[in-house]
Amino acid sequence: MQTNDHPVALVTGAGTGIGRAVALEFLARGYRVVLAGRRREPLEQTRVSAGQDSARALVVPTDVTKEQSVRELFDETQRAYGRLDVLFNNAGRGAPAVPIDELPVETWRDVVDVNLTGMFLCAQAAIRLMKGQTPRGGRIINNGSISSHAPRPYSIAYTATKHAVTGLTKSISLDCRKDGIACGQIDIGNAATDMTERMAAGVLQADGSTRPEPRMDVGHVARAVAEMAALPLDTNVQFMTIMATEMPFVGRG
């Protein structure tokens, strides 16, 4: 964390799920937070949920797949707050669970555009801002996934992009450490959000069976991200895995 009283964090995908939880955690810890996402209404709901902390939240509807939209997001961040201390690079999407040969190419491209290209565009814009500000530097935390280590059945688009996010994280860490920019990744398994509700009813396993999977409170993820962000810039959590203890991950497949 920077030494200023109210450091600045930007959270993509802040309208729902993990992004909302992390944004609210940052606000509760005194950050000024830029809330980015495709739709204004969920972002406003996040802001309102912050209660008395909502005055430190800035809503900026953004399509992370569009270079101009991302540029406007970071320009607005700089105009409003003058700097950026933390980017939580979180926006992402999944795809229907279908065999590889049945996945439409358009769906593949949509997943790549959001999960990989969008994350690259936001990281690139953050790096430009962080290199030019005083004091220089900042932190980027990329939202990976358990799927960046091991796939679920019928998840090629999501899994491929999340493996690629690991490469993005490592490259940013290598190329930007000379600029005072730390980059880490959090790999999350079964946080209880709308996206994982189906797991309580049962999801396809690697052995072909369908079984319910345990989930964990998304607040644990939010606190983990905030703790990563709170470290001084000479210290970095390169990779963190946080997961529901009894979910099938170790030994998956």
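Restricting attention to region 67-92, and to residues there that are farther than 29 Å from ASP234 by Cβ and touching a residue at least 24 places away in the same chain (Cβ under 8 Å), which single residue is surrounded by the fewest Cβ atoms within 10 Å (Cβ to Cβ)? By that ranking, first place goes to GLU67.
Whether a residue is at pLDDT 95 or above, surrounded by 16 or more Cβ atoms within 10 Å (Cβ to Cβ) and closer than 29 Å to GLU246 by Cα was assessed, and ASP187 passes this test. Return yes when GLY189 is closer than 26 Å to LEU10 by Cβ, out of contact with any Cys (no Cβ under 8 Å at 6 or more places or on another chain) and not aromatic (Phe, Trp, Tyr) and no when it is not. For GLY189, the condition - closer than 26 Å to LEU10 by Cβ, out of contact with any Cys (no Cβ under 8 Å at 6 or more places or on another chain) and not aromatic (Phe, Trp, Tyr) - is met.
Counting the residues of region 216-239 that are out of contact with any strand residue (DSSP E or B) (no Cβ under 8 Å at 6 or more places or on another chain), without any contact (Cβ under 8 Å) to a residue 60 or more places away in the chain and among the aliphatic types (A, V, I, L, M) gives 0. Scanning region 235-246 for residues that are at pLDDT below 95, assigned to a loop (DSSP other than H, G, I, E, B) and closer than 25 Å to PHE88 by Cα yields ALA244, THR245.
Residues in region 205-215 include none that are touching an Asp or Glu at 6+ places or on another chain (Cβ under 8 Å) and either outside any loop (DSSP other than H, G, I, E, B) or in contact (Cβ under 8 Å) with a residue 40 or more places away in the chain (or both).
If the condition is being under 17 Å from GLY37 (Cβ atoms) and either among the small types (Gly, Ala, Ser) or surrounded by fewer than 17 Cβ atoms within 10 Å (Cβ to Cβ) (or both), then region 93-116 contributes ARG93, GLY94, ASP110. Taking the criterion of being of a type outside the set (Phe, Trp, Tyr), over 23 Å from ILE172 (Cβ atoms) and in a helix (DSSP H, G or I), would at least one residue in region 109-127 satisfy it? So far as region 109-127 goes, yes, one or more of its residues are of a type outside the set (Phe, Trp, Tyr), over 23 Å from ILE172 (Cβ atoms) and in a helix (DSSP H, G or I). Looking at ARG40, is it free of Cβ contacts under 8 Å to residues at least 12 places away in the same chain and surrounded by fewer than 17 Cβ atoms within 10 Å (Cβ to Cβ)? No. Of the residues making up region 175-204, those that are under 16 Å from the mean Cα position of the chain (by Cα) and in a loop (DSSP other than H, G, I, E, B) are ASN190, ALA192, THR193.
Being of a type outside the set (A, V, I, L, M) and on the phi > 0 side of the Ramachandran plot holds for only one residue in GLY184, GLY208, and it is GLY208.
The number of residues in region 190-234 that are β-branched (Val, Ile, Thr), at pLDDT below 95 and surrounded by 15 or more Cβ atoms within 10 Å (Cβ to Cβ) comes to 3. Taking helices (runs of 4 or more DSSP H) that do not extend beyond region 11-94, which have at least 3 residues that are among the polar types (S, T, N, Q) and modelled with pLDDT of 95 or more? Those helices (runs of 4 or more DSSP H) span 40-49, 67-81. If the condition is being closer than 16 Å to SER147 by Cβ and either in contact (Cβ under 8 Å) with a residue 60 or more places away in the chain or in a loop (DSSP other than H, G, I, E, B) (or both), then region 99-108 contributes only LEU103. Among the residues of this structure, THR169 does not count as one that is modelled with pLDDT of 95 or more, of a type outside the set (D, E, K, R) and part of a strand (DSSP E or B).
Take the conditions within 20 Å of GLY94 (Cβ to Cβ), touching a Gly at 6+ places or on another chain (Cβ under 9 Å) and either aliphatic (A, V, I, L, M) or buried (at least 18 other Cβ atoms within 10 Å of the Cβ) (or both) and apply them to ALA160. Does it pass? No; evaluated as a whole, the condition is false for this residue.
The values are calculated or read from the model by the stated rules, or taken from the named source; none is laboratory data. These figures come from a predicted structure and were not determined experimentally. Cβ: placed from backbone, ideal geometry, glycine included. Neighbour counts: every protein chain shown.
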